[in-house]
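The values are calculated or read from the model by the stated rules, or taken from the named source; none is laboratory data. All of these numbers come straight from a predicted model, not from anything done at the bench. All Cβ positions, glycine included, derive from the backbone under ideal geometry; neighbour counts span all protein chains shown. Protein only, heavy atoms only, side chains kept; ligands, DNA and RNA dropped before computing areas. Shrake-Rupley method; radii C 1.70, N 1.55, O 1.52, S 1.80 Å.
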Amino acid sequence: MLLVALFLGPLGLDVTPAAASHGGEPRTLPDHSWTAQKTYEPYSVYMTGVSCPTTTDCWAVGGTPWDTGVVEATTNGGASWSVENLPDGIGGLSGVSCSTTTHCWAVGDTPDGSGAVVATSNGGSTWESQVLPSTVGVLNGLSCANTTDCVAVGGGQLVGPIIVATTSGGSSWQSESPPSNIWWLNSVTCATGTNCLAVGKTNSARAAVIATADGGATWKGQSRPSGIAQFYGVTCASSSDCWAVGYGSYRTPSGLEGISAAVAGTVNGGSSWESQRLPRGIETLNTASCPTPTDCWAVGVATSGQGTVIATTNGGGSWKTQPLSIKIGDGLYGVSCVTGTTATDCWAVGSTPSAGVAVATVNSGASWNLQSLPRGINYLSELACPTSSDCWAVGHTTSGGAAITATTNGGSSWKSQTLPRGIGVLYGIACPSSNDCFAVGVTSSGAGAVVVTSNGGVTWKSQVLARGTSLLDGVSCPTTSRCVAVGNTTTGESAVVVTSNGGATWKSRSQALPSDVRFLNGVSCPTTKDCWAAGGTTSSPGLGAVVVTTNGGLTWRSQSIPRLGYLSGVSCGNTSDCSIVGDTVLTTTNGGKKWRAALLGSGIGYLLGVSCDTSASCTAVGYTAAGEGLVLSRNAPGGSWNPQAPPDTSELLGVSCRAGTGCWAVGITNSGGAVISSTA
């Protein structure tokens, strides 16, 4: 889920310039000076850019999952924001520039992938589309130095760089030619109607800076510091003082490649650029705003995956991270700062996918807290949370039987529920609603077990399985009637059982599995037809296996994966984005056509469970090489996995996350079973 936030800050900061050049002693920046102004409903809006011509008037732009553009405005410094109407046929908007409180332009794309420009000359009362050259594709950013002169840039891997400009306020736009070595352009800033800088990436996969001094008639490349892979944003406080932000790459002592944020500054209009030292823990910076030659704010993503703000008051001589009032899990993408008579006001926009766990935090995973469980629980192996308040966890009791415990208040209290006799251990559970849950495991006599409730756990009943099932490890139920469970047969082969009537009958689909699949540990079904299951092979003992069905389990086929050890858990936010855990994390963004192994840091022991919400924000759990509980999180498809800090546990076995509410994880402590939670 994407929750979008508008932020205000920092207020009350004296920004009288200390010097005309970069450097000097930094002034003290106030802490805790960024506060949330607005958040949006799940799956409704993402915000990418903001422009504030005064300390009271701002316009923010973005889009919706349905590929329609969004413009919101405030005339009271963010005390309230209102939606403004756009013309038909406008897709997502990526950038906005307001030269006055009446004149604004925004750029992005149309639903068919062409470039788009919309403009207002009456403070947003009406917005109108402007005509671009027919060959122009997606536009990423623009800058308007006054009410007539604007430059917009864009492009991508397949279409190349794009520059368009107008000297008539948008009555006509003309294409301009960048240098030949430019791959694409992300951002542009124009100090005057003729002097502009644009940044992006070169054909040789290095950061690009180009400049024009004649209104775009000619563009020339500028030198930039080495080691910077790409610039995402550029801003100028004057025609000589500018900053470009993005990221650079590096190699760890073990040879793994990583990325870290980069800032370069110039005091001579780009004739030379110098890298500036940043605080640790910043992964990338997306954009910056510098109202004076000494005062700048830059926003982006920290290595933790959270949105971040850094600031300087001495032209980049030193940068300091500033605290935010809430966690921004997907990052900040736009910032605009305006100097008033006594203070500098800044607004930043971004988005956050929510995360959820059976452990609790009020800061999106910066800390995890143990929750109190009933006595007698030996360990908990899996859990399911159909709502933000209702969760069920399963495992084993200290007396030797199966355990099931539930909460209906978000983990404030947990109560054990009564199971039918003869259930030995429960390993997996799925709850498609707050009334309906299915739990799987093994009976006391060594046969596969399924227990079900249709009244929120008031009563649980055993269900009859097809003969030959010895153990079930995992279950996934996309609806209250359709479930798929996986495990082993009595002959030591992989088992799959399926129900389409809420468990009244279960049918074996084990014979439909590829013959070289030895066992299956986990399964995830984002739809009633599409499921992925993970385990191990027989053809290469010790190696993992992934199988998929697209017809509800009637047939299964193997998918090609990197050579890794046995796999334990799988979670698919949708039919494209799945994550599977074991020795590392395997991810796909195309339904398994290609799986990639994540590069994780040292000290990872083994991962046992993973949960991905529909926004592809994922949390994985397991244990470290030192025998401690482990939590890793990821905030976007294909993104990096970052460690979080769970409380003192020896092993975490399962995790369940709900978009917008948080995650719960279950496992073992030295004294018994454990539940921990993190709230978004």
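Tabulated data for the structure shown
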quantity: Portion, in percent, of the accessible area of the chain that falls on carbon or sulfur, probe 1.4 Å; calculated: 49
quantity: Rounded if a/c under 1.5, otherwise prolate or oblate - the stretch 379-461, Cα gyration tensor axes; calculated: prolate
quantity: Ratio of Rg to Rh over the chain (Cα coordinates, Kirkwood Rh, two decimals); calculated: 1.03
quantity: With DNA, RNA and ligands ignored, accessible area of I259 (1.4 Å probe; Å², nearest 10); calculated: 70
quantity: FRET efficiency, 1/(1 + (r/R0)^6) with R0 56 Å, evaluated for R280 and S413 via beta carbons; calculated: 0.90
quantity: Theoretical FRET efficiency, 1/(1+(r/R0)^6), r = Cβ-Cβ of T490 and S560, R0 41 Å, to 0.05; calculated: 0.85
quantity: Where Rh is the Kirkwood radius over Cα pairs, Rg/Rh for the stretch 36-125; calculated: 0.95
quantity: Average silhouette area of the stretch 522-612, convex hull of alpha-carbon atoms, in square nanometres; calculated: 5.6
quantity: Amide H contacts of V70 (H built 1.01 Å from N, under 5 Å, at least 5 apart or other chain); calculated: G62, G63, L93
quantity: Farthest toward positive dipole pole in the chain [+1 Lys/Arg, -1 Asp/Glu at C-beta], among T479, S271, G673; calculated: G673
quantity: Residue-count net charge about S656 - beta-carbon cut-off 15 Å; Lys, Arg +1, Asp, Glu -1; calculated: -2
quantity: Computed over the chain: relative contact order in percent, which uses C-alpha pairs under 8 Å that are six or more apart; calculated: 10
quantity: Rounded, prolate or oblate (a/c below 1.5 giving rounded, otherwise prolate when a/b exceeds b/c) for the stretch 502-542 by Cα gyration tensor; calculated: prolate
quantity: Computed log₁₀ I(q)/I(0) - Debye formula, equal Cα scatterers, no solvent, the stretch 150-212, q 0.17 Å⁻¹; calculated: -0.53
quantity: In Å², nearest 10: area of K529 left accessible to a 1.4 Å probe; calculated: 110
quantity: Positive-end residue, the chain charge dipole about Cα centroid, Cβ charges, pick of Q322, V245, A384; calculated: A384
quantity: Positive dipole terminus of the chain, leading residue within S168, T308, Q417 (C-beta point charges); calculated: Q417
quantity: Over the stretch 179-292, relative contact order from alpha-carbon pairs under 8 Å, at least 6 apart, %; calculated: 21
quantity: Dipole in debye (nearest 20) - the chain, about Cα centre, beta carbon charges: Lys, Arg +1; Asp, Glu -1; calculated: 1980
quantity: Local electrostatic count at T100 - Lys and Arg +1, Asp and Glu -1, tallied over other residues with Cβ under 14 Å; calculated: -2
quantity: Charge sum, other residues only, whose C-beta stays under 11 Å from I228's C-beta, Lys/Arg counted +1 and Asp/Glu -1; calculated: +3
quantity: Unsatisfied cross-links (Cα-Cα over 24 Å) in the set K201/K594; K507/K594; K415/K507; K507/K529; calculated: K201/K594; K507/K594; K415/K507
quantity: Viscosity 0.692 mPa s, temperature 37 °C, Stokes-Einstein D of the stretch 147-270 from Kirkwood C-alpha radius, µm²/s; calculated: 221
quantity: Shape call, the stretch 86-204: gyration tensor on alpha carbons, a/c limit 1.5; calculated: oblate
quantity: Accessible area, probe 1.4 Å, largest first, for residues D613, D577; calculated: D577, D613
quantity: The stretch 85-234, relative contact order in percent, only Cα pairs under 8 angstrom and at least six apart counted; calculated: 15
quantity: Probe 1.4 Å - accessible area at Y623, Å² to nearest ten; calculated: 70
